[in-house]
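The values are calculated or read from the model by the stated rules, or taken from the named source; none is laboratory data. Worth saying up front: this structure is predicted, and the values here are computed from it rather than measured. When we count neighbours, we look across all protein chains shown, and the Cβ atoms used for this are built from the backbone with ideal geometry, even at glycine.
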Ligand SMILES: [Zn+2]
Ligand SMILES: [Zn+2]
């Protein structure tokens, strides 16, 4: 995987100058990205055995087989502790003790990946409440703990052509896209990027990336005046939105780090929430 910290470092000055993030935020993400990079490499060296479905069946990864092995996996358990310590270091007062207890010992752990993949917020909220922390904090811990594992699994098991058009959820792991990309002449091609395994796949240009709505009257997009690098696609059917980067004709898709672009466009999220849309 890419170490997003390299690209964060490259953009640091611009991010600070434009007030997109504070220095403390940047240091926090730098630690998170280093953790993800190191942990993904550790996973790559000792991947758990999982079921991979035949080509043509999506998602390719059978997460049920993963749920069975994780609760007793040493690397999973130690990376949870490590990640919780990083988050707490940057957010004094945030205590993950109960969350770790739950995730390491409770049988509820088994259902977490499934709840994430189907976006069953009630289950996640219930677990967060029993851990005595907020829903967002709990989700951040779980997603960032699973991310390096899912990336390592994808890099080993998924070889499909990103140009093949797919559905709105990740063809490898089934999670939702958290960012999109337009490339080619007149934004001719659109790609979605998975919020968990960072996979990239082609998707219909005019369709909601969250619910699939394709009626143009229900879809709307926003651009900042004087800045055509970004656009936000919103949907009046599901009330969701997704941010996109518009690449220049000569920009290579591989050189675009959507994780960093996502951070650099946080002000757009604030604007969309104010407009009444929500992030999936
Ligand atoms: Zn994925
Ligand atoms: Zn929609």
query = Among the residues of region 216-225, is there at least one that is surrounded by 14 or more Cβ atoms within 10 Å (Cβ to Cβ) and within 16 Å of ligand 1 (Cβ to nearest atom)?
reply = no
request  = Inspect all residues belonging to region 131-148 and state whether any of them is surrounded by 15 or more Cβ atoms within 10 Å (Cβ to Cβ) and within 16 Å of ligand 2 (Cβ to nearest atom).
outcome  = no
note = Counting only strands (runs of 3 or more DSSP E) wholly inside region 190-263, the ones holding at least 3 residues that are within 12 Å of ligand 2 (Cβ to nearest atom) are 227-235
query = What number of residues within region 163-185 satisfy the criterion of being more than 11 Å from ligand 1 (Cβ to nearest atom) and part of a strand (DSSP E or B)?
reply = 6
ask   = With 160, 152 as the choices, which residue is outside any loop (DSSP other than H, G, I, E, B) and at negative phi?
value = 152
ask   = In the list 163, 167, which residue meets the criterion of being in contact (Cβ under 8 Å) with a residue 24 or more places away in the chain, within 16 Å of ligand 2 (Cβ to nearest atom), under 29 Å from residue 54 (Cβ atoms) and outside the structural domain of residue 38 (by TED's automatic domain parsing)?
value = 167
